[in-house]
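Enquirer: Dropping the structure in here first, questions after.
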C-alpha cells in the first residue's frame, strides 16, 4: 500500500510538473527578477541618480509642484524607494471655467524629477523592472484576468508537484548532501533534489502565499458566504481614507513640511511611498499619504489623511488577526520589507526554484530518451518537450538580454517606447522556440546558450557606449546598484558560456558511444 | 492488454476530473463554511476561511490520486461537500449576509 501510494504520487509529480513546467519556469524566473525591480528600473533609466532619502524625494516633489503648478487642483508624488531613482509627479490643472470638471491629461500632466536635486529630468520611457513584476502574474498580450487565472492554475499544479515531490522523496536529508556530477540522468536528479530540498521551505511558502495575494479572485466563496456584494467586503476589511470635499478660501500652494513632520513622528521615520494633495491652493487642502511597504512585513501599508496644518483627520484602524495574517503572507511573498541581505536570499532562493523546475523538465527528457533509444523509435512527444525545454530554459533569459539591449538601442523618441522594449523581449524568446525546433537538440542547446552568453556579455559594453555610465564610472562614483547589475550581467554571460561548453563537450563525445549516436540520429 | 491500457487511461481521466472539480468544490465549501462558523468580524472570518481553503485543495488532489480505488473517494467527497453545503445554506438562510 505504501509503495503503491508513493508510486501514484511519483506519477502525479511527473505529470503536474511537466504539463505546466514551462509556464512555471517563466513565472518563477520573472518573479525572481522582480525582487530587484527597483534596481533594474534604476539601471534602465541612466538619466537619474539613486534616491538617498525617500522622504526627502517627496519633499523635493512637493517643492517642484509648488513652484511649477501652484494653481493645480490635485498633486500626486510617487517617489522611488531608496533602491530606485526618479520621482514621478502628476497634477490636475484647474478647469477652464469654475463649474467644469477638472481633467488630467495622462501624457502631458506628468514630470520626472531627480530625487536628489529635485530638478526635472527626461527619463527614457521604460517599464524597467516593473515589466518582470507584472509578467510574473499578469502575463502579457492578454487581459490581466486571463493571465492571473493561468498563473493561478499553474501555481496549484506547482503546489501539488512540490507536495508529491516530498512524498516521493525518500531520503530528504541524505540527498541534501548528494550531488554527483557527470553521471547523466543521476546528476540531473541530484541537481533537481538539491535545489528542491535546499530551499524547500521557500518553495512551499512562496507558492502558498502566491495564492493568498490573489485570494479573493481565486476563491471568492468565503466572501460570498458573508457578503451580498464584494464592495461591502472590501470596505469592511480594508477601509480606505475618506477625503472631505468641502471647499474653503484660496490660499498659497501647500507646503508639505508640516505633513512630513507629522508622519515622520507617527511612523518612526518610515517614509511615505505615495502622496496626494487635494486642493493644494485652498485653505481646505487635504494631504493623503501611504506608508512605504518596506517599513514592515505586512504588505498593507498604513495610510493617513492630514489637513493643511499637518493635523491627522483620518487614520487607519487596527487590523484583525486574519487581515494581519493575510497582509503578512502577501508581504512575505513580495519581499518588499527585505533589506539587501535578505533580498539576495530571496533572489537566490528564486533562482533555486527556477533551477528546480528547469532540471525537472530536462530530467523528463533524459529519462525517456534512454528508454526510447533502447527501443530505437522516434517519439513526437519527446521531441516536443525537448523543443519547449530549450526554447524556455534558454529562450527566456535570451529575451531578458534582448530587453536590456533594447533599453539601450531603441531611439528615445520612439512612440510607445516602453512597449517596444517589451516587444524585443518576446521576439527573442519566441524566435528561440523556432530555432530549437529547426535544429537538432544538442546543437540547438549549444547555439542558443552561446548566443545568450554573447548577448549578456554585450550588454555592459553596449551600455558603456550608449550612456554616460559604465562599470568603471559606476564604481568610481560609488553607484553600487548599477555596478552590481553590470557585474551580474557579466556573471550570467560566464554561466551561459560554461553551460555551452559543457553541452559542446557532451555532444562531441557522443558519436563514440553507440547508444548516444542512435539517440542523436532520432532527435535530429 | 489494449483493453487494460484504455481502462487505465479512463481511470486517469476520471481521477483528474475528480481531483480538479472535487478539490475546488471542497475547498470552496470549506472557505464558505468557515466564513459562516468562525466567530468574530465577518470580513475576518471570510478571509480566514479563504486562506485555509488553499491548503485543502492540494490535500484533496493527493487523496484522489493516492487512493487505491476511486469510487470511495468520490462517495466521501460528495457526502462531505453536501454536508458543508447544507450547513452553509442553512446558516445563510437563517442568519443572512451582510
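Enquirer: Quick one: Debye curve from the alpha-carbon atoms of chain B only, equal weights, vacuum; give me log10 I(q)/I(0) at q = 0.13 Å⁻¹ to two decimals.
Expert: -0.52
Enquirer: OK, next. What order, most packed first, do the peptides A:72-81, A:140-149, A:217-226 have when packing is the mean number of other Cβ atoms within 10 Å of each residue?
Expert: Put in order of decreasing packing, that is A:217-226, A:72-81, A:140-149.
Enquirer: Quick check: the angle from helix A:417-438's long axis to the longest principal axis of chain A, C-alpha only, nearest 10 degrees?
Expert: The two axes meet at around 10 degrees.
Enquirer: If you don't mind, there's one more thing I want to ask. Starting from the Cα of residue B:11, step 7 Å toward the Cβ, then list every residue of segment B:38-76 with an amide N under 17 Å from that point.
Expert: B:62-75
Enquirer: May I pose another question? For a Förster distance of 51 Å, can you work out the FRET efficiency between the beta-carbons of residue A:342 and residue A:96, rounded to the nearest 0.05?
Expert: Working: r = 51 Å, r/R0 = 1.01.
Here the calculated transfer efficiency is 0.50.
Enquirer: Looking only at segment B:66-80, which residues have a backbone nitrogen under 14 Å from a spot 7 Å from the Cα of residue A:4 in the C-beta direction?
Expert: Once the point is set 7 Å along Cα→Cβ of residue A:4, B:66-73 turn out to lie under 14 Å by backbone N, inside segment B:66-80.
Enquirer: If contacts are Cα pairs under 8 angstrom and at least 6 residues apart, what is the relative contact order of segment B:2-95 in percent? All intermediate terms of the calculation are to be shown ahead of the outcome.
Expert: Details: 81 pairs, mean separation 30.8, N = 94.
Taking the mean separation of contacting Cα pairs over the length of segment B:2-95, I get 33 percent.
Enquirer: Sticking with this one: For A:311, A:421, what ranking results if the residue with the fewest other Cβ atoms within 10 Å of its Cβ goes first?
Expert: Ranked by crowding around the Cβ, least crowded first: A:311, A:421.
Enquirer: Just subtract the alpha-carbon distance of residue A:475 and residue A:120 from 0.36 nm times their residue separation and send over the number in nm, one decimal.
Expert: So the chain would gain 125.3 nm between residue A:475 and residue A:120.
Enquirer: Oh, and also: Quick check: Cα centre of segment A:329-358 to Cα centre of segment A:366-431, how many Å?
Expert: Each part's Cα centre sits 24 Å from the other's.
Enquirer: How large, in Å, is the protein assembly as shown by the Kirkwood hydrodynamic radius built from its alpha-carbon pairs?
Expert: Numbers: mean 1/r = 0.0365 Å⁻¹.
After inverting the mean inverse Cα-Cα distance, the result is 27.4 Å.
Enquirer: Within segment B:79-98, name every residue whose backbone N is under 17 Å away from a label modeled 7 Å from Cα of residue A:232 along the Cβ vector.
Expert: B:89-98
Enquirer: Using the number of other C-beta atoms within 10 angstrom as an exposure proxy, rank B:81, A:154 with the fewest first.
Expert: So the residues, fewest neighbours to most, are B:81, A:154.
Enquirer: Further question: Given axes a ≥ b ≥ c from the Cα gyration tensor, I'd like to know whether segment A:95-145 is rounded (a/c under 1.5), prolate (a/b larger than b/c) or oblate.
Expert: oblate
Enquirer: For residue A:257 and residue A:141, what does the FRET efficiency come to when R0 = 41 Å and r is the distance between their Cβ atoms, rounded to the nearest 0.05?
Expert: 0.35
Enquirer: Something else now. Which whole-number percent gives the relative contact order of chain A, counting Cα pairs below 8 Å spaced six or more residues apart?
Expert: 16
Enquirer: What is the distance, in nm, between label points placed 7 Å from the Cα along the Cα-to-Cβ direction at residue B:74 and at residue A:88?
Expert: 5.3
Enquirer: Just checking the output field for A:209-218: average partner chain Cβ neighbours within 10 Å of each residue's Cβ?
Expert: Mean inter-chain Cβ contacts per residue within 10 Å come to 3.
Enquirer: Give me the angle, in degrees from 0 to 90, between the Cα long axis of helix A:380-393 and the longest principal axis of the Cα atoms of chain A, rounded to the nearest 10.
Expert: With both axes taken from Cα atoms, the answer is about 40 degrees.
Enquirer: Which whole-angstrom value gives the distance between the alpha carbon centres of segment A:188-215 and segment B:51-98?
Expert: If you average the Cα positions of each part, the centres end up 26 Å apart.
Enquirer: Using the Cα gyration tensor of segment A:407-459, with a ≥ b ≥ c the square roots of its eigenvalues, what is the shape: rounded (a/c below 1.5), prolate (a/b larger than b/c) or oblate (neither)? Mind showing how you got there, number by number?
Expert: On the way: a/c = 5.00, a/b = 1.99, b/c = 2.52.
In terms of gyration-tensor shape, oblate.
Enquirer: Normalising by the residue count of segment A:1-148, find the relative contact order in percent from Cα pairs under 8 Å and 6+ residues apart.
Expert: On the way: 224 pairs, mean separation 41.3, N = 148.
The normalised contact order for segment A:1-148 reaches 28 percent.
Enquirer: Ok, one more. First check a/c for segment A:16-154, with a ≥ b ≥ c the square roots of the eigenvalues of its C-alpha gyration tensor; if it is under 1.5, answer rounded, and if not, answer prolate when a/b is larger than b/c or oblate otherwise.
Expert: Taking the square roots of the gyration eigenvalues as a ≥ b ≥ c, segment A:16-154 is oblate.
Enquirer: Could you give the angle, 0 to 90 degrees to the nearest 10, between helix A:395-409's Cα long axis and the longest principal axis of the Cα atoms of chain A?
Expert: It is inclined by approximately 40 degrees.
Enquirer: Also, quick follow-up: For segment A:419-490, would you read off the P(r) tail past 16 Å as a percentage of all alpha carbon pairs?
Expert: Within segment A:419-490, distances greater than 16 Å cover 61 percent of Cα pairs.
Enquirer: Per residue of B:60-67, count partner chain C-beta atoms within 10 Å of its C-beta, then hand back the mean as an integer.
Expert: Whole-number average of other-chain Cβ neighbours for B:60-67 is 5.
Enquirer: If you don't mind, there's one more thing I want to ask. Report, in whole Å, the centroid distance computed from the Cα atoms of segment A:106-152 and segment A:253-283.
Expert: The two parts, judged by their Cα centres, are 25 Å apart.
Enquirer: Provide the three semi-axes, in whole Å and in decreasing order, of the ellipsoid equivalent to segment A:203-283 as defined by the square roots of 5 times the Cα gyration tensor eigenvalues.
Expert: Three semi-axes, in Å: 37, 21, 10.
Enquirer: Taking the number of other C-beta atoms within 10 Å as the exposure measure, put A:52, A:308 in order starting with the fewest.
Expert: A:52, A:308
Enquirer: To the nearest 0.05, what FRET efficiency results for residue A:416 and residue A:47 with a Förster distance of 22 Å applied to their C-beta separation? Can you show the working numbers first?
Expert: Numbers: r = 19 Å, r/R0 = 0.86.
Efficiency, from the Cβ-Cβ distance: 0.70.
Bear in mind that the values in this text are calculations on the coordinates, not laboratory data. These numbers were taken from a predicted model, which means no experiment stands behind them. Here the Cβ is made from the backbone with ideal geometry for all residues, glycine too, and neighbour counts use every protein chain on show.
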